[in-house]
Amino acid sequence: MTDPLASAVRGSWQQFLEAFEGLRPELYRYCRHLTSSPWDAEDLAQDVLARAFVTLGKLGAAPPNPRAWLFRVASNAWIDQQRRPRGAIEALTIATAVDPRATREAAGTLLSRLAPQERAAVVLKDVFDFSIDDIADTLATTPSAVKAALHRGRGKLVDEPVSEERVPASAAITAFCAAFERRDLAALTEVLLDTASVEVVGVTTEYGKQGNILRGMMFGSERLAEAATRGGIEARFVQGALPQPPRREVRLHRGEPIVLAWYAHADGEAVRAIDRFELDGDRIARLRNYFFTPDLLVEVCAELGVPCKINGYRFWIECR
C-alpha cells in the first residue's frame, strides 16, 4: 500500500527537480570547481538540491532569480561542509590526483588550496562572471570582503605537480563483477554487508540485502529493449538498447577502482552507469550507482577515454 505522505513528498520532489533541471549543468560545474573530484562535485550537487528543496518549502514563494538563489544555497552548503571537523572533510582538502587524460576546467584542481570563501569568490567571478555585488549577496558578505577574497585567492593559484596513489581493486569488487557476469543475484547480495546501503544516486536507497535495486541493475536492459512493444519507457532511456545485461568492468579512476557498466546498443557498447564502493574488510558497505548523473558520467568517461550514453536527470516517466 502506498503511503500518501511519501507519495506527496515524492511528487513535490519531482516537480522541484523538473523546475530546476535547466540549471543542473551549471550547478554541477560550480560544485566541480569547488571540490577536488567529479565524485565530490556530484555529492555536493545532490546535497545542494536536497537543501534547496527543503529551503524552498519554508520560503513560501519561488525566488525571483532561481540561478542566483541556487548558487547561494550551493555556496552555503560548501562553506558549511568545510567548517566540519578535519576528519570529515579530509578527502576534499587533499589536492586532486592528476590524470593526463583529464579535461581540467579553469584551474579547477588548483582551487583546493584556497580557503572556502576565496574559492567560491574566484569561481563565481572568473568562471560564472558574477558581479562583485552579486557575489557579496551569494556569499552573505560585503563587496569589499569579496574584493579582498579575490585578491588573496588569485595570488595562491600556482600550479604544482601532484602524485597519484593507486589503490588496487579489492576481492569484493572483483566478486561483484563476476556475479554480474553470471547473473547470480544471490552471489551479488552475498558480497554485501548485512547493513549495507545500495543507492541509485539522487533516486532511491535501500538497506540490507533486499536486492531490488541490484535486480534492476542486472535485468533493466531487458525492459529497455522491450520498450517498443511494451511501452511505458521514454525514448531517452532506450537509445537502441539490446536485451543482454550490462557488462561490468573494473577501471582505475584517479587512483580509485570503480566499475563501469557497459550497455549493449545497436550501434555498439557504451557506458551508461558507474558503480562506486565503500568497503568494510572483504564486504561492500556502500554501493552507489551513478545512472541519472549525466554531468559526472560525461566527465569521468572523458577522462577514461570511453564512450558513454547519458540518461538525463529525471528518473520518472512524464505523463504529458
In contact (Cβ under 8 Å) with a residue 12 or more places away in the chain and part of a strand (DSSP E or B): is that true of PHE277 in this structure? yes
Do you know which residues across the stretch 206-251 are assigned to a helix (DSSP H, G or I) and either polar (S, T, N, Q) or outside the structural domain of ILE284 (by TED's automatic domain parsing) (or both)? ASN212, SER221, THR229
Can you tell me which residue in the stretch 249-270 is farthest from ARG182 (Cα to Cα), limited to those that are more than 19 Å from the chain's Cα centre (by Cα) and charged (D, E, K, R)? ASP267
Taking the stretch 1-22, which residues are of a type in the set (Asp, Glu) and surrounded by 12 or more Cβ atoms within 10 Å (Cβ to Cβ)? GLU18, GLU21
Give the residue, chosen from ARG230, ARG247, ARG251, that is out of contact with any Gly (no Cβ under 9 Å at 6 or more places or on another chain), surrounded by fewer than 14 Cβ atoms within 10 Å (Cβ to Cβ) and of a type outside the set (A, V, I, L, M, F, W, C). ARG230
Pick from PRO257, PRO243: which is at pLDDT below 95 and within 18 Å of VAL191 (Cβ to Cβ)? PRO257
Any residue that is assigned by TED's automatic domain parsing to the domain that holds ARG182, free of Cβ contacts under 8 Å to residues at least 24 places away in the same chain and in contact with an Asp or Glu (Cβ under 6 Å, 6 or more places away or on another chain) - is there at least one of those in the stretch 284-301? no
Only residues in the stretch 10-33 that are within 14 Å of ARG51 (Cα to Cα) and touching a residue at least 60 places away in the same chain (Cβ under 8 Å) count as the first member; pair them with residues that are assigned to a helix (DSSP H, G or I) and not β-branched (Val, Ile, Thr), Cβ under 8 angstrom, at least 6 apart or cross-chain, and list the lot. LEU17/LEU49
When you scan the stretch 271-315, how many residues do you find that are among the aromatic types (Phe, Trp, Tyr) and either surrounded by fewer than 17 Cβ atoms within 10 Å (Cβ to Cβ) or within 20 Å of LEU193 (Cα to Cα) (or both)? 2
Hey, can you tell me all the residues within the stretch 280-320 that are part of a strand (DSSP E or B) and farther than 24 Å from GLU226 by Cβ? ASP280, ARG283, ILE284, ALA285, ARG286, LEU287, ARG288, TYR290
So which pairs qualify, if the first residue must be in the stretch 63-75 and within 17 Å of THR35 (Cβ to Cβ) and in the same structural domain as ARG24 (by TED's automatic domain parsing), the second must be surrounded by fewer than 22 Cβ atoms within 10 Å (Cβ to Cβ) and among the hydroxyl-bearing types (Ser, Thr, Tyr), the Cβ gap must be under 8 Å, and the two must be at least 6 apart or on different chains? VAL73/THR55
Checking ALA273, ALA241 in turn, the sole residue that is on the phi < 0 side of the Ramachandran plot, of a type in the set (Gly, Ala, Ser) and within 14 Å of the chain's Cα centre (by Cα) turns out to be ALA273
Residue count for the stretch 195-219, restricted to those that are touching a residue at least 24 places away in the same chain (Cβ under 8 Å) and of a type in the set (Gly, Ala, Ser): 4
Options THR195, THR205; residue that is surrounded by fewer than 18 Cβ atoms within 10 Å (Cβ to Cβ), touching a helix residue (DSSP H, G or I) at 6+ places or on another chain (Cβ under 9 Å) and modelled with pLDDT of 90 or more: THR205
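The values are calculated or read from the model by the stated rules, or taken from the named source; none is laboratory data. Because the structure is a prediction, the values reported are computed rather than measured. We place every Cβ from the backbone using ideal geometry, glycine too, and count neighbours over all the protein chains shown.
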